[in-house]
Amino acid sequence: MSRATTSNVASSHVAHSVRGITIVAMLIAAMSACSGGDSAAPSVPTGAIADGDGVTGVAGDQSSINPAVKVTSSSGAAMVGTTVTFAVTGGGGSATGTTQVTDGNGLARVGGWTLGPLVGPNTMAATVAGATGSPLLFTVTARAGVASAMTKVAGDAQTVVAGASLGVRPSVRVVDRNGNVVSGATVTFSSGQSSGSVSGGTVTTGADGVATVGSWIPGITAGAQTLIATVAGVSTSPTFTLTVTVGAAALITKQAGDAQTATVATSVAVPPSVKVTDAVGNPITGQTVAFSVASGAGVVVGGSAITNAAGIATAGSWALGTAAGAQTLQATATGIATPVVFTATATAGTATQFVKQGGDAQTATVATLLLVSPSVKVSDAFGNAVVGRAVTFALSTGGGALVGANPQTNALGVATLGGWTLGTIAGAQSITAATAGIATSLAFTATAIPGPAAQLSRVSGDFQVATVNSQLPINPSVRLSDQFGNIISGRGVAFTIVTGGGTLLGPSQLTTNGVATVGGWIL
């Protein structure tokens, strides 16, 4: 090409936009003159970073912006067809299409750059063929990817006594698929069935990828308990286990055999039993419980018992004492201050004793009610009162009348006749008392005395004949009796002369066997 032609060549500037970065590439057309044979002097290529430096990407993934180099001549013109070589120099990643030739704009871009698996800086060097100086260095910061896995950090396989607080709060670490910790991931902790309660169960991982539950309050039931940690997108959920153990014996409660009733000197139907637990109700196995009589003088067989798997200990038997009424048994366990007290009511046995209680050998006027009604007591072989026992009273001798002849024994075992009115014949009178099951009856006696003097009749000494001024051969006598004809003894009788004059010897006399006789009568 001629010089004239060369002088007519125009220079032009072209603006290019590469992934948001404006690069001005100058294309200078220099052609050698045809006629002169001379040509432009060769240029030394100069490389500059055009794109892909100082950005971030996910570790292990391909960078979203592949590094690119702009190659120009020393005069700034874009150089076409220059070879650029890319090579990964740090971070452990890999690259494809590492040898590239600059295009019409002087740009060369690596085929692809997959970052290394770890968080941190990744570097790549670009070397321009024919250029002097150090290679161009690209830096991309690899960050953690999405949560892919979760592992336990602390708080697993703990053991705690029921009712106590957990020692170490469970925690997990969240990582991506390459094991890089993931911060800001939401972890949810939830307790398993019957495994207590959780507060602060939704936690965000920190810079170290760790999330720790706010608190886990174990359930009070002894045994295995669980806590599960979950993260959205992570298929595996770590499970923390906790073993709750039974605490020390703290409570002893009645289980069976309280408030029973049985006959004296016999065993209650249900042997007393207790349950021993820790402070929160877990049964204590293998605990020794001592059963002993507290009152009533009964007897315990098998008084030392061992709690079973349910925490229950049962006495062999409890035979009540011989005294009717309330009796008690106590159960104690080592380490528990307050004993448990069982009560039982001992009732009287079979009636075997039948005795007079009151109202025997009284004296009263004929045909009157005795002051004290006869009573009997029915008791068992140990002297305990038999309550509600029917007793029958019946007249035996002397006549009279009974009221309430069929009473029942009261709480003291005593049955009392309603009333006994004596017969009209003075002297000994009697009634009997009997009860079923006892062969011997009881006899009550009473002495009936005559009533007020009501009748005075001649016995002897009437219608005699004698010489005047002489004493009659038969002293006059009279009989004194009550209204029923019962003779009255010891009563004074006064004899007086009514007509004819004369003299009485011993005119005042006391009745003997109802008869009073004047000392003598002189006509």
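For Cα extents along the principal axes in Å, which listed value, [x] 66, 57, 46; [y] 125, 79, 39; [z] 233, 44, 30, comes from the coordinates shown?
Here Cα extents along the principal axes in Å agrees with entry [z].
Extending each Cα 7 Å along its Cβ direction at Leu505 and Leu523, get the distance between those two points in nm, one decimal.
Taking the simple label geometry, Leu505 and Leu523 are separated by 1.7 nm.
Please work out the FRET efficiency for the pair Ser489 and Ala436, using the Cβ-Cβ distance as r and a Förster radius of 41 Å; give the result to the nearest 0.05.
0.40
Mind giving me the nanometre distance, one decimal, between the label points for Thr285 and Ala361, set 7 Å out from Cα along Cα→Cβ?
7.3
Quick one: Debye curve from the C-alpha atoms of the range 152-260, no solvent, what's log10 I(q)/I(0) at q = 0.15, 0.19, 0.21, 0.22 Å⁻¹?
With one equal scatterer per Cα and no solvent, log10 I(q)/I(0) is -0.64, -0.90, -1.04, -1.11.
Enumerate the lysines that Lys275 could reach by cross-link, defined here as Cα to Cα under 21 Å, with residues fewer than 8 away along the same chain left out.
List returned: Lys254.
Out of every Cα pair in the range 455-523, what percent are spaced more than 20 Å from each other?
The proportion of pairs with Cα distances above 20 Å equals 28 percent.
Place +1 on the Cβ of every Lys and Arg and -1 on the Cβ of every Asp and Glu in the chain, take the dipole about the Cα centre, and give the residue among Val276, Thr83, Val119 whose Cα lies farthest towards its positive end.
Of the candidates, Val276 comes out farthest on the positive side.
If I take every Cα pair under 8 Å that is 6 or more residues apart in the range 348-487, average their sequence separation and divide by the length, what percent do I get for the relative contact order?
23
From a point 7 Å beyond the Cα of Asp462 in the direction of its Cβ, which residues of the range 507-523 have a backbone N at a distance under 14 Å?
none
Using just the helices of the chain, give the 222 nm mean residue ellipticity in deg cm²/dmol: DSSP H runs with n ≥ 4 each add -39,500 (n - 2.57), and the total is spread over all residues, rounded to 500.
The per-residue figure over the chain is 0 deg cm²/dmol.
Less than 18 Å apart at the alpha-carbon level, and either on another chain or at least 8 residues along: which aspartates and glutamates does that give for Lys377?
Asp360
Can you find, among Ala142, Ala297, Gln158, the residue farthest towards the positive end of the dipole of the chain? Put +1 on the C-beta of Lys and Arg, -1 on that of Asp and Glu.
Projecting each Cα onto the dipole axis, the largest value belongs to Ala297.
Quickly rank 301-307, 241-247 as a protection proxy: mean count of other C-beta atoms within 10 Å, highest first.
Ranking, from highest mean packing down: 241-247, 301-307.
Where Rh denotes the Kirkwood radius from the mean inverse Cα pair distance, what is Rg over Rh for the range 276-429?
1.33
Would you please calculate the Kirkwood hydrodynamic radius of the range 215-270 over all C-alpha pairs and express it in Å, rounded to one decimal?
16.6
In whole Å, how far is the Cα centre of the range 142-197 from that of the range 259-305?
Comparing the Cα centres of the range 142-197 and the range 259-305, I get a distance of 49 Å.
How high is the relative contact order of the range 217-348, in percent, with contacts defined as C-alpha pairs under 8 Å that are six or more residues apart? Each step should come with its number before you reach the end.
Details: 356 pairs, mean separation 32.2, N = 132.
Computed value for the range 217-348: 24 percent relative contact order.
Taking the alpha-carbon distance from Lys152 and a cut-off under 19 Å, which aspartates and glutamates remain once sequence neighbours fewer than 8 residues away in the same chain are dropped?
List returned: Asp176, Asp208.
Largest first and in whole Å, what are the equivalent-ellipsoid semi-axes of the range 372-523 based on the Cα gyration tensor, each being the root of 5 times an eigenvalue? Working shown, then result.
Values: eigenvalues 594, 26, 24 Å².
The equivalent ellipsoid of the range 372-523 has semi-axes of 54, 11, 11 Å.
Rounded to the nearest 20 debye, what is the charge dipole size of the chain about its Cα centre when +1 sits on each Lys and Arg Cβ and -1 on each Asp and Glu Cβ?
560
Tell me which residues come under 5 Å, amide H to amide H, from Ala294 once H is placed; ignore anything under 5 positions away on its chain.
Thr328, Leu329, Gln330
Once Lys and Arg get +1 and Asp and Glu get -1 on their Cβ, which of Ala207, Gly492, Ile425 lies farthest toward the positive end of the dipole of the chain?
Of the listed residues, the answer is Gly492.
With the contact rule set at Cα under 8 Å and sequence spacing of 6 or more, what percent relative contact order holds for the chain?
So the answer I get is 6 percent.
Every number here is computed from the coordinates shown, using simple stated rules; none is lab data. This one's a predicted model, so the numbers in the text were calculated from it and none came from an experiment. With ideal geometry, Cβ positions are generated from the backbone for all residues, glycine too; neighbour counts draw on all protein chains shown.
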